1. Can you list the helices (runs of 4 or more DSSP H) lying wholly within the range 9-72 that have 1 or more residues being in contact (Cβ under 8 Å) with a residue 60 or more places away in the chain, within 16 Å of the ligand (Cβ to nearest atom) and buried (at least 19 other Cβ atoms within 10 Å of the Cβ)?
2. Residues of the range 117-143 being small (Gly, Ala, Ser), within 18 Å of residue 92 (Cα to Cα) and free of Cβ contacts under 8 Å to residues at least 40 places away in the same chain, which ones?
3. Do we find a residue being free of Cβ contacts under 8 Å to residues at least 40 places away in the same chain, touching a strand residue (DSSP E or B) at 6+ places or on another chain (Cβ under 7 Å), among the hydrophobic types (A, V, I, L, M, F, W, C) and farther than 29 Å from residue 150 by Cβ anywhere in the range 80-90?
4. For residue 203, work out the one condition from (1) under 20 Å from residue 55 (Cβ atoms); (2) out of contact with any Leu (no Cβ under 7 Å at 6 or more places or on another chain); (3) hydrophobic (A, V, I, L, M, F, W, C) it doesn't fulfil.
5. For the range 104-209, give me every one of the helices (runs of 4 or more DSSP H) that falls completely inside it and has 3 or more residues that are within 16 Å of the ligand (Cβ to nearest atom) and in contact with a helix residue (DSSP H, G or I) (Cβ under 7 Å, 6 or more places away or on another chain).
6. Consider the range 73-90. How many of its residues are farther than 17 Å from residue 133 by Cβ and buried (at least 22 other Cβ atoms within 10 Å of the Cβ)?
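Any read-out appearing in this document is the output of simple, stated calculations on the displayed coordinates, not a laboratory observation. This one's a predicted model, so the numbers in the text were calculated from it and none came from an experiment. Glycine also receives a Cβ, built like all others from the backbone with ideal geometry; neighbour counts cover every protein chain displayed.
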Amino acid sequence: MVKLQVAIDLLTTEDAIALATKVAPYIDIIELGTPLIKSEGLAVITAMKKAFPDKLVFADFKTADAGELEADMAFGAGADLITILGATGDATIIGAVKSAKKHGKGVVVDTIGVLDRVKRAQEVIALGVEFVELHAGLDEQAQPGYSIQVLIDEASRAGVPVSIAGGVKLSNIAAVKASGVKVAVAGAAIYGAADPAAAAKELREALDA
Ligand SMILES: O=C(CO)[C@H](O)[C@H](O)COP(=O)(O)O
């Protein structure tokens, strides 16, 4: 079964918990976006895990250095998963994996900004990470000509556990699923919808079809 991850790119704990409450029945992983964590600090992780102990809480740290220290901070606050940048050196990823093993949690490598995402995904899986996020960030998505098809094609040939993030929505979720991903990440398609619960339900149903 493909897991559905909601990326919460809102700026307050109150708004994040309100959104998670609406969509919880349909999602597996609650992602606390980088701007949300920068705005609210580690407390938002603790509050979300307390509110949703049965969901995986994903702290989108996008760590570039001090991997073990930052992973200790995220896991200590209640996160189940943390992102480390694929663009950084292996030592940072190895440090975070060490922390994850200590806490019984997991590391996700975010390939934002990496030129050859598939090659890097294959390299970092060997370091013990849970899965790799094939990711076109919000700024890359805003570039003229951006298409999620690039990520879908990459996922199809990755040969290692991956997620796709960067414009996942109802019109492409079937193709995302068919690419063999472990996790589909949807942010704006859920938090930006007039009815986030209905949007999450439709995505869930499409993944389960
Ligand atoms: O991590 C992120 C940005 O850095 C986003 O949460 C992720 O890209 C999901 O985006 P979208 O709103 O397009 O689904």
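1. Fully inside the range 9-72 and qualifying: 13-23.
2. If the condition is that a residue be small (Gly, Ala, Ser), within 18 Å of residue 92 (Cα to Cα) and free of Cβ contacts under 8 Å to residues at least 40 places away in the same chain, then 126, 128 are the ones that fit.
3. no
4. That leaves (2) as the condition not met.
5. Ranges flagged: 173-178, 188-191, 196-208.
6. Looking only at that region, the number is 1.
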